[in-house]
1. Treat every Asp and Glu Cβ in region 1-160 as -1 and every Lys and Arg Cβ as +1, leave all other atoms uncharged, and give the resulting dipole magnitude about the Cα centre to the nearest 20 debye.
2. Which percent of the accessible heavy-atom area of region 28-173 goes to carbon and sulfur, probe 1.4 angstrom?
3. Of Thr105, Thr116, Thr25, which has the largest mean-square fluctuation in a 10 Å C-alpha GNM of the chain?
4. Under a 1.4 Å probe, what is the accessible area of the chain per residue, stated in Å²?
5. What is the magnitude of the charge dipole of region 201-243 about its Cα centre, with +1 placed on the Cβ of each Lys and Arg, -1 on the Cβ of each Asp and Glu, and no other charges, expressed in debye to the nearest 20?
6. Under the √(5λ) rule applied to the eigenvalues of the Cα gyration tensor, what semi-axes describe the equivalent ellipsoid of region 115-233? Give them in Å, descending.
7. Specify whether the C-alpha gyration tensor of region 1-122 places it in the rounded, prolate or oblate class, a ≥ b ≥ c being the square roots of the eigenvalues: rounded for a/c under 1.5, otherwise prolate if a/b is larger than b/c and oblate if not.
8. Around Val9, which amide H atoms from residues at least 5 apart in sequence, or from another chain, sit under 5 Å from its own amide H, with H modelled in the peptide plane?
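The values are calculated or read from the model by the stated rules, or taken from the named source; none is laboratory data. A quick note: this is a predicted structure, and the numbers were derived from the prediction, not measured. Every residue, glycine among them, receives a Cβ derived from its backbone with ideal geometry; neighbour counts consider all protein chains shown. For accessibility, only protein heavy atoms count, side chains too; no ligands or nucleic acids. Shrake-Rupley method; radii C 1.70, N 1.55, O 1.52, S 1.80 Å.
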Amino acid sequence: YIPFPMDEVSYDFEVLGPSEKDNDTIDVLLVATRTENVEQRQAAVRAAGLTAKIVDVEAFALENACKLMVHQMPDGGIDRTIAVVDFGASSTTFSVLRNLKVVYTRDFSFGGQQLTEEIMRTYGLSMEEAGRAKKEGGLPGNYQGEVLDPFIDDMTQQVSRSLQFYLASGSGREQPAKILICGGCANIPGVADVIASRVGIAAERGDPLGGMKLSSRSKAQAVSKDATALLTACGLALRSFDD
């Protein structure tokens with residue numbers, strides 16, 4: 001099952017219980033990754049002055065975080081199929097949930113960094129300047145038509161392609177009732193409406209913090225702006241573990 005030397009792999013497993021398909025067997029969940037992937041994340045946590053107790057799988061964290069978005073799902077996601085697209089900086093995760101459980105996931109190379117790089121090339125800016133301009137505005141009038149709209153088209157194509165892969169992945173696959181658009185790219189004005197019109201499925205900017213009360217010490221406007229990019233972080237925060 002694991003195409004790497006075992007001394008380069010970190011893995012764990014959990015017995016789930018008797019198999020529904022065969023009473024004489026048990027289902028076991030096996031999780032494995034290259035050890036270097038774990039060490040990179042441990043190093044990031046150490047740099048923040050913390051100690052990593054658990055390194056979790058991003059798909060599991062996303063599943064936990066989706067419980068925070070039930071207020072945006074038809075019938076709270078029960079007996080419904082919901083798609084969640086999490087656009088990161090350089091990679092995107094497309095997941096489909098049924099009864100709030102992930103039944104399909106696909107990762108692919110696409111993200112907001114491509115928009116930043118296009119801004120750099122078009123306007124001769126540094127990476128830092130382009131990133132700031134992307135978030136705060138102030139770009140020339142042709143930015144929408146020449147840079148942003150083509151990027152939104154690419155986002156839409158990625159969602160459409162992922163839907164096709166999902167529907168072709170097995171028998172009984174049904175069209176999602178709704179798509180939740182998450183990640184930094186979800187903050188692009190009108191992007192959810194464009195995706196909805198192109199793929200023919202209702203779409204909305206995902207907000208995992210929408211049902212939370214914010215501390216009076218927090219900057220509510222900044223938190224609201226970043227909320228959709230905090231999907232994985234919220235899922236990790238919800239994770240329980242044994243001492």
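1. That gives a dipole near 420 debye.
2. With neighbouring chains kept in place, the figure for region 28-173 is 48 percent.
3. Maximum fluctuation in the GNM of the chain, among the listed residues, is at Thr25.
4. 60
5. Roughly 280 debye for region 201-243.
6. Over the Cα atoms of region 115-233, the ellipsoid semi-axes are 27, 23, 11 Å.
7. oblate
8. Thr35
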